[in-house]
Amino acid sequence: MADTLAFVTPWYGRDIAGGAEAECRATARALQARGFPVEILTTCARDHASPWADHHPPGATEEDGLVVRRFRVRPRDAERYARLQWRLDLGGRLAPHEEAEFVRHSVNSDDLNAYLAASRDRYWYAFIPYCFGTTWEGALAAPERTLLVPCLHDEPFARLQATRRALRAARAVCFHVPAERALAETVAGPDPGTFHVVGEGVDALPPGDAARFRAKHRLHDPVLLYAGRKAREKNVPLLVEYFAHYRIARPDPPLKLVLVGAGGVRIPPRVGRDVLDLGFVPLQEKADAYAAAIALCQPSLLESFSLVLMEAWLAGRPVLVHGRCAVTREHCLAANGGLFFDGYFEFQETLALLAGDPALRARLATAGRAYVLGRYTWERVTDRYLDVLDRLGARWR
Amino acid sequence: MTGEGTTTAGEPGAGAVDVAGLMAEIQARVRERKAAGLYSEEEVRRVTQLELEVAESVPGFAGELEQHLAALNDGWDTAAEPVVTTHRRGIGRAVVLVKRLLRRLTRPYITMVLQRQVQFNTTLLQLLNPFVLPVRDQLQDLQRRLEEATLEAGERLAVEHGERQQGERRLAARLDALAGELAGLRGALDRLRDPAPAGALPPAPVPPPGLATLPEAAYVRFEDRHRGSREEIRHRQRGYLELFARGPVLDVGCGRGEFLELCREAGVPARGIDVDAGMVARCREAGLDAVQADALAYLGALPDASLGGIFCAQVIEHLPPEALIALVRLAYAKLAPGGVLLCETPNPACLTVFSGAFYVDLTHVKPIHPEAARFVLEAAGFRDVEVRYVNPYPPEARLQPVEPLWYLRRYETAFLEQINDNFERLNQLLWGAQDYAVVGVKR
C-alpha cells in the first residue's frame with residue numbers, strides 16, 4: 001500500500017494569508033497532482049491572526065481535492081505565551097523551563113500528537129513552518145517518518161532549543177535557499193546529511209497592463225513598487241523613511257513609491273504626495289502594478305524565500321533588496337537580477353542608478369527571469385521533493 | 001544533498017549584469033563620497049538619526065528591566081560546564097582533549113568557590129524574580145494613572161473656561177439692553193421737553209398691529225438683544241454701500257441707524273424713517289437725520305422721482321403681502337431713473353432661520369421667499385433684479401467635514417467623501433445664508 005504524505009501545519013484553509021500557509025497548500029496540491037497521496041493534518045484553529053482556539057469542527061473533510069483532518073486545540077495560557085514572546089523579541093533568552101512553557105502554550109493539539117504517533121506506519125509527515133507547537137512537539141512524535149519544511153528566519157524563535165531539536169530530529173529538512181540552510185547550520189550545527197535545498201514553486205502573475213494601472217491611479221511618474229504586508233517586521237517603515245529622504249535629496253526626476261498589500265504604515269506628511277498606499281489589491285491589479293513599476297523594492301530582513309522577488313522577475317522587473325538579508329541578497333547575486341543596499345547612501349545610489357538606466361533594468365530583469373524559470377517552477381520543485389522522498393524510501397509509485 | 005545547492009554567485013552570461021562587481025563599485029563610490037565629504041555633514045547626521053529611529057525600536061525603561069532580569073536568569077549558573085572548542089585544524093582534537101583533561105583536574109577546586117557563587121546567584125534571583133516585574137507593572141500603572149489624571153484636569157479646565165466665557169457674554173448682552181433702555185428714556189424725555197413743531201413731519205404714524213400692544217422703547221431693547229451689535233450690523237451692511245452712490249437715500253425702518261451712519265461716512269445724503277420712537281430718538285442722538293413715520297404714508301407724501309435710493313433692511317417680513325406690494329410700487333414711483341431699491345429679509349430657504357431668527361421676533365408677519373421678492377420687484381417695473389445671499393452661518397456652526405486619514409483604506413475614504421457630500425447638502429439647507437437682499441434698479 002502506498003504511503004501518504006501528510007503536511008502538518010497549525011491551521012489550514014483556502015483563504016488564510018501568509019507565506020508558509022500558501023506554500024503548504026500549493027506544495028501539497030502539486031505533489032498530489034504528481035501522484036503522491038497527500039493529506040493535511042492540522043488543528044481546529046482558524047489562522048494566525050485569530051485567537052488560537054477551536055474554530056472549525058474536528059474531523060476529516062475534503063477541501064480542493066485534499067483530505068484535511070482537524071484536531072481540537074489544546075487549552076493554552078495566551079498571556080504567559082505573549083510575555084515570553086515579548087522577552088524573546090527584545091533579544092532576551094529563555095531558561096529551559098521557560099522555553100518548555102513557551103512551547104506548551106504555543107498552538108498545538110494533544111489529539112493531533114496522539115494521531116501522529118499512532119499512524120506513523122502509513123504516513124510521512126511534513127511539518128511546516130518551524131515556529132509553532134505543532135512542529136516543535138510533532139516533529140518528535142515520529143522522527144523517523146518526518147520531513148521538515150521550516151521556512152526558517154533569522155529571528156529569536158530560530159534560536160530556541162526546540163527549533164534545534166526539530167531540525168536535528170527530522171529525517172529530511174527542506175530549505176528554500178542555501179542561505180536558509182546556512183542559518184540552520186548556525187542554529188543546529190553542521191548538516192548531518194539531512195539538509196536539502198528544495199526551493200519553492202512560483203506561479204507567474206497574469207500579464208499586467210501598465211497603462212490601466214496608471215490611468216486608474218492617475219500616475220504619470222515612474223514608480224518604485226513595494227508588494228507585501230506592510231508591517232514593521234517587513235521593514236516597510238525604513239523604506240518609506242529612506243524614500244522620503246531620497247525625494248528631498250533628489251526632487252528631480254519625479255518618482256513615486258507605490259505600496260500594495262494589507263497592513264498599515266505611517267507615511268510622513270512631507271512625502272504624502274510621493275507615496276501611494278493602495279492597500280490590498282486584487283491579483284490582476286498587482287500584476288498591473290508590476291508592469292507599471294521600474295523596479296520592486298523588498299526591504300525586509302526576515303525572508304526565507306521572498307516570493308515577491310520571483311514575481312517581479314517573472315513580470316520582467318528588477319529588484320532592490322536590503323543587503324543585510326542573506327536570502328534576498330543571495331537571490332540577487334545568484335540571479336544577477338537586482339541590487340541591494342545597506343544604509344541610506346547605498347539606497348540612494350542604487351535607486352538613482354536603477355531609475356536612470358532603463359538598459360540596466362532590462363538586463364537585470366532578463367537575468368532574474370531566467371533564474372526563476374531555471375530553479376523555481378513547480379515542476380522543478382516537486383521533482384526535488386519526490387527525490388527527497390525516494391531517498392527516504394517512501395512507497396508511492 | 002540535492003537541489004541547486006550552490007551558494008556561489010551566478011556567472012554573468014552574455015548581456016547579463018555582474019551584480020557582485022556592480023555592487024562593489026557602488027559601495028566603493030559611497031565610501032569615497034563619504035570620505036571626500038560629498039555628503040554634507042547635516043545630511044549624514046540626519047540619515048544616521050533616521051536609521052537609529054527606524055532600525056532599532058529602543059526598549060523603554062520597563063522593557064530594559066525585563067531584559068536585565070532575563071539576562072540574570074540566563075547566566076545564574078556560573079558553575080555550568082563551558083563548551084571546549086578550538087579553531088586549529090589538525091592538532092585541534094588533541095588540544096581539545098588536553099583542555100578537557102586540565103578542566104577535569106581543576107574542576108573540584110574551582111567548583112568549591114563557584115558553588116558559593118551559584119548559591120548566592122540563586123538566592124538573589126529568588127528575591128528578584130517575584131519582586132522586579134510587579135514593581136515595574138506598578139510603575140507602569142502609576143504612569144498610566146498620572147496621564148489619565150492630567151487629561152481629566154485639562155478637560156475640567158476647558159469646561160470651566162467655556163462656562164466663564166458664557167457668563168461674560170450674558171453680562172455684555174444685559175449691558176447692551178440697559179444702554180438701549182437708557183437711550184429710549186432719554187428720547188422720551190427729549191420729546192417731552194422739546195415737542196417737534198406740527199406739520200414738519202409727515203402724518204402721525206400708525207404702528208403695525210404687532211407693535212400696538214408693546215410698551216414704547218420695547219423694540220429698541222428687543223433689537224439690542226437679537227439683531228446683533230451695532231458693529232456687526234455696520235459690518236454686514238457696508239457691502240451694500242456701493243449700490244447707493246447717489247443720494248438722497250431713504251432708509252425705511254432705519255432702526256439704530258447703522259446704515260445712515262455708513263451713508264454719512266461715505267458722504268451720501270440719507271434720511272431714516274422708523275415707526276418706533278425709541279429707535280428714532282437713538283438715531284437723532286447720534287446726529288443722524290431720522291423721523292418717526294409709517295413707510296407707506298411717508299413715501300406717499302414724497303414727490304415722484306425724488307430719491308436716489310431706498311434701503312429697506314429687515315422690514316418687509318413685518319408687512320402683510322398687500323402692504324409689501326404697495327411699498328414696492330410706491331418705491332418705484334419715488335425713485336429717480338437709475339435709483340435702486342434694496343430689501344433685506346431673513347432667508348426662508350435656510351431652514352434653521354425658522355428655529356431661530358424668524359420666529360424670535362413677534363412682529364414678523366410672513367417669511368418672503370427670495371423668488372417671491374424677485375417677482376414683486378419685477379412686477380412693479382424694476383429691472384436687473386438680483387438676489388444676494390448674505391450673512392452666512394459661521395463655519396463652526398456648520399457640520400464639519402471628516403478629514404480622511406492616511407491609514408484609511410480606499411473604500412473607507414470613498415465612504416468619507418460620500419458622508420462629506422451629504423454634510424455639504426445639509427449645510428446648504430440648514431446652515432446656509434441667514435438673510436438675502438433683493439435689489440432692483442429703476443430704468
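Quick notes on this one:
- Annotation for the stretch A:225-240: at least one member residue is within 12 Å of chain B (Cβ to nearest Cβ), in a helix (DSSP H, G or I) and among the β-branched types (Val, Ile, Thr).
- A:Pro253 within 14 Å of another protein chain (Cβ to nearest Cβ) and assigned to a loop (DSSP other than H, G, I, E, B): no
- A:Ala362 vs. criteria at pLDDT 95 or above and more than 11 Å from chain B (Cβ to nearest Cβ): no
- For the stretch A:53-87, the set of residues classified as within 14 Å of another protein chain (Cβ to nearest Cβ) and under 28 Å from A:Thr27 (Cβ atoms) consists of A:Gln85 only.
- Selection count where residues are part of a loop (DSSP other than H, G, I, E, B) and under 23 Å from the mean Cα position of the chain (by Cα), scope the stretch A:190-206: 11
- Single condition A:Cys325 does not satisfy, out of (1) facing chain B (nearest Cβ under 10 Å); (2) closer than 24 Å to A:Ala182 by Cβ; (3) touching a Ser or Thr at 6+ places or on another chain (Cβ under 9 Å); (4) in contact (Cβ under 8 Å) with a residue 24 or more places away in the chain: (1)
- Sole exception among (1) modelled with pLDDT of 95 or more; (2) in a loop (DSSP other than H, G, I, E, B) for A:Arg69, by number: (2)
- Qualifying residue in the stretch A:382-391 (condition: crowded, with 24+ Cβ neighbours inside 10 Å, basic (Lys, Arg) and either at negative phi or free of Cβ contacts under 8 Å to residues at least 12 places away in the same chain (or both)): no
- Of everything in the stretch A:264-308 that is farther than 28 Å from A:Tyr371 by Cα and either assigned to a helix (DSSP H, G or I) or among the small types (Gly, Ala, Ser) (or both), the residue that is modelled with the highest pLDDT is A:Gly279.
- Screening A:Phe157, A:Phe127, A:Phe132 for residues that are in contact with a Gly (Cβ under 8 Å, 6 or more places away or on another chain), buried (at least 19 other Cβ atoms within 10 Å of the Cβ) and under 20 Å from A:Ser304 (Cα atoms) leaves exactly one candidate, A:Phe127.
- Once the stretch A:137-168 is narrowed to residues that are in contact with a Ser or Thr (Cβ under 7 Å, 6 or more places away or on another chain) and part of a helix (DSSP H, G or I), the residue that is farthest from A:Pro96 (Cα to Cα) is A:Ala166.
- Residue in the stretch A:330-341 that is within 12 Å of another protein chain (Cβ to nearest Cβ), part of a loop (DSSP other than H, G, I, E, B), surrounded by fewer than 22 Cβ atoms within 10 Å (Cβ to Cβ) and not polar (S, T, N, Q) present: no
The values are calculated or read from the model by the stated rules, or taken from the named source; none is laboratory data. Predicted, not measured: the structure shown is a model, and the values here were computed from it. For neighbour counting, all protein chains shown are included, and Cβ atoms are generated from backbone atoms with ideal geometry for every residue, glycine included.
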